[in-house]
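Undergrad: Have a look at the structure that comes next, please.
No value in this document is a laboratory result; all are computed from the given coordinates. Values in this document were obtained by computation on a predicted structure and should not be read as measured data. Positions of Cβ are generated from backbone atoms using ideal geometry, with glycine treated the same way; all protein chains shown enter the neighbour counts.
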Amino acid sequence: MNIALADCNSFFVSCERVFRPELRYRPVVVLSSNDGCIVARSKEAKKLGIPMGAPYFKYKDILQKHGVIVASSNFPLYADLSSRVMEVLAEASPLIQIYSIDEAFFTLDRLEEADALRKKVLRWTGIPVSIGIAATKTLAKVASHLAKEGEEGVCKIEKHEEEKILSKLPVEEIWGVGRNTSKHLRALGISSALDFRRMDETLCRREFGVMGLRMMLELRGEIAFPLDEDPEPQKGISSSRSFGKEVTCWEDMSEAIAMHVAKSAEKLREQGSETNFLQVYLLTNRFHPEKAQFSRVGSAYLPVPTDFTPRLIEKAREIAKPLFFENVPYKKCGVFFGNLTQKSHSQADLFICQARKEKEEKLMELLDLVRVKDKQALYFLSEGVKGKQDWRMKRNHVSPLYTTSWDELLHIQI
DNA sequence: TCTGGGGTCCTAGGACCC
DNA sequence: TCTGGGGTCCTAGGACCC
């Protein structure tokens, strides 16, 4: 059985295009939070030479000159469309691993099936995907890249074609080879994926560790990264964000921290985990090294693991308070929950009243339930009043929440 | 003026144990 | 001359991914 990789084409851009068809065939970019960096580019925008991850302000003029359409990122919309795409893919294969917001590995053999699936995803969700099929995940990645380059949108690498295709692939483009590894490989005279595939095993292990060895085996068509159908729950959960404008007073900082805690705690409950380790950090703008830099981290353990937001907010503020200095221009803050444990195996605590615990649980259940329908409807006052938090991120080109908010449904005029 | 955010896995070295 | 040996656990940092 072969492994297939379905990869959405310019995913965030494609999501914007679903509801704004006038953006098709035009250069479009999507920005990261705070309109900071360019994180997605349409084919047309790539052709203009706009690099991935570039700071927006440096390219503003070029984008304007070429009439590139700019969109702020709208994550709730992308997450919703992603789950719709994954649903369609899951129907096609009994074994599927959702790898990221826009990619999934699954088992599939025939090119015709891949083509039918690609068309189905496009018809049902409006999102174009490319599908690559090969013997391993690493080779399927290569195949999906070829699929994107070609017109068909699908590609299968047969056993006998592997060497020929890999000979044309620079090592930089192998999945798992980054800046450092590629430099290291080239220093050893290994410049193509085929060279890597033919590398001596002992040398490979010595120079690049077990990860290097696995990559090499995968290039040879031997599975070293198996399909992992239901991955373990996350080991840590974090939430952080740059501020829309600098924060200098404790009230604003405290609101932002509470917001990050509430967000992370929601994720925590979603995967059925609890935490007993909290970390909070505050930083100034690292891009202005000439100005005074502040960067402080604080952490604390809780006596008993919990997923109860109010307790976590209280603790996080306790950690943050001594780290904070008035009138320092903070740019960013964040929280991290570690030591996650599954709630189902949690230890009973002698010192917590069971009745109270049940009440707390009911409260969080209700909160989460309401927020599934409307994120604005219920939140903690310590996060600040919505609409009055001027530390909130900047999003000057944001599209409506077409699929996740009743107030922002698409209007059609007849 | 303006520079993202959230993850994973591996490794080396230190602390500690017997 | 010659300064145990083997194991575990934890942590920080590196590298990479999307």
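Undergrad: Which whole-Hz ³J(HN,Hα) couplings does the stretch A:391-407 yield from phi under the Karplus relation 6.51 cos²θ - 1.76 cosθ + 1.60, θ = phi - 60°, glycine and proline marked x?
TA: Result, ordered by residue: 7, 4, 6, 8, 9, 7, 10, 7, 8, x, 7, 3, 10, 10, 9, 4, 6 Hz.
Undergrad: Here's another thing I want to ask about it. Just report the Cα centroid separation between the stretch A:182-199 and the stretch A:213-249, whole Å.
TA: Computed from Cα coordinates, the inter-centre distance equals 25 Å.
Undergrad: Something else about it: List the lysines whose Cα sits under 26 Å from the Cα of A:K343, skipping any in the same chain fewer than 8 residues away.
TA: A:K235, A:K263, A:K267, A:K315, A:K357, A:K359, A:K362, A:K373, A:K375
Undergrad: Follow-up question, since we're still on this one. Rounded to whole Å and sorted largest first, list the principal axis extents of the Cα atoms in chain A.
TA: 65, 58, 50
Undergrad: What distance in nm lies between label points placed 7 Å from Cα along the C-beta direction at A:R123 and A:E251?
TA: 5.8
Undergrad: Report the per residue volume, in Å³, of the convex hull enclosing the C-alpha atoms of the stretch A:137-208.
TA: That works out to 92 Å³ per residue.
Undergrad: In percent, how large is the relative contact order of chain A, given Cα pairs closer than 8 Å and 6 or more residues apart? Please list the in-between numbers first.
TA: Details: 693 pairs, mean separation 67.9, N = 414.
Reported as a whole number, the value is 16 percent.
Undergrad: Can you give me the long-range amide H partners of A:N285? Hydrogens built in the peptide plane at 1.01 Å from N, cutoff under 5 Å, separation of 5 or more residues or another chain.
TA: HN-HN under 5 Å from A:N285: A:K331.
Undergrad: If you take the charge dipole of chain A about its Cα centre, with +1 on Lys and Arg Cβ and -1 on Asp and Glu Cβ, which of A:G67, A:A256, A:P233 is farthest toward its positive end?
TA: Going by the Cα projections, it comes out as A:G67.
Undergrad: Continuing with the same structure: Straight-line reach from A:K46: which lysines have Cα under 23 Å away, leaving out those fewer than 8 places along the same chain?
TA: A:K58, A:K60, A:K65, A:K141, A:K148, A:K168
Undergrad: Picking from A:P21, A:P400, A:P310, which is most flexible by a Gaussian network model of chain A using Cα springs under 10 Å?
TA: Judging by the Gaussian network model, the answer is A:P21.
Undergrad: Can I ask one more? Got the relative contact order for the stretch A:227-351 handy, in percent, Cα pairs under 8 Å and 6 or more residues apart?
TA: Contact order relative to length: 42 percent.
Undergrad: Work out from phi, with θ = phi - 60° and the Karplus expression 6.51 cos²θ - 1.76 cosθ + 1.60, the ³J(HN,Hα) of each residue of the stretch A:186-201, listed in order in whole Hz, and give x for Gly and Pro.
TA: Coupling constants for the stretch A:186-201: 5, 5, 8, x, 9, 10, 10, 4, 5, 4, 5, 4, 8, 5, 5, 4 Hz.
Undergrad: Once you wrap a convex hull around the alpha carbon atoms of the stretch A:170-250, what is its projected area averaged over all directions, in nm²?
TA: For the Cα atoms of the stretch A:170-250, the hull's average projected area reads 9.5 nm².
Undergrad: Kirkwood Rh, the stretch A:298-414, all Cα pairs: how many Å? Intermediate values should be presented prior to the final figure.
TA: On the way: mean 1/r = 0.0550 Å⁻¹.
Evaluated over the stretch A:298-414, this radius sits at 18.2 Å.
Undergrad: Across bins of 5 angstrom width beginning at 0, how are the C-alpha pair distances of the stretch A:217-320 distributed, in whole percent?
TA: Pairs per bin, as whole percents: 2, 10, 18, 18, 13, 10, 8, 8, 6, 4, 1, 0.
Undergrad: Further question on the same structure: How far is helix A:354-373 tilted off the main Cα axis of chain A, in degrees rounded to 10, range 0 to 90?
TA: 60
Undergrad: Among A:A45, A:A265, A:A355, whose mean-square fluctuation peaks in a Gaussian network model of chain A (Cα, cutoff 10 Å)?
TA: Sorting by GNM fluctuation, first place goes to A:A355.
Undergrad: OK, next. Taking just the C-alpha trace of the stretch A:39-91, give me its Rg and Dmax in Å.
TA: 14.4, 45
Undergrad: Given 37 °C and 0.692 mPa s, compute D for the stretch A:1-41 with the Stokes-Einstein relation, Rh being the Kirkwood radius over Cα pairs; round to the nearest whole µm²/s.
TA: The estimated diffusion coefficient comes to 281 µm²/s.
Undergrad: Beyond 23 Å, what percent of the Cα pairs of the stretch A:120-256 remain?
TA: Summing the P(r) tail past 23 Å for the stretch A:120-256 gives 52 percent.
Undergrad: So what is the 222 nm mean residue ellipticity for chain A from helices alone, if each DSSP H run of at least 4 adds -39500 (n - 2.57) and you divide by all residues, rounding to the nearest 500 deg cm²/dmol?
TA: Helix-only estimate at 222 nm: -12500 deg cm²/dmol.
Undergrad: Now for a separate question. Cut-off 10 angstrom, C-alpha nodes, Gaussian network model of chain A. Which of A:E162, A:E358, A:E251 fluctuates the most?
TA: A:E358
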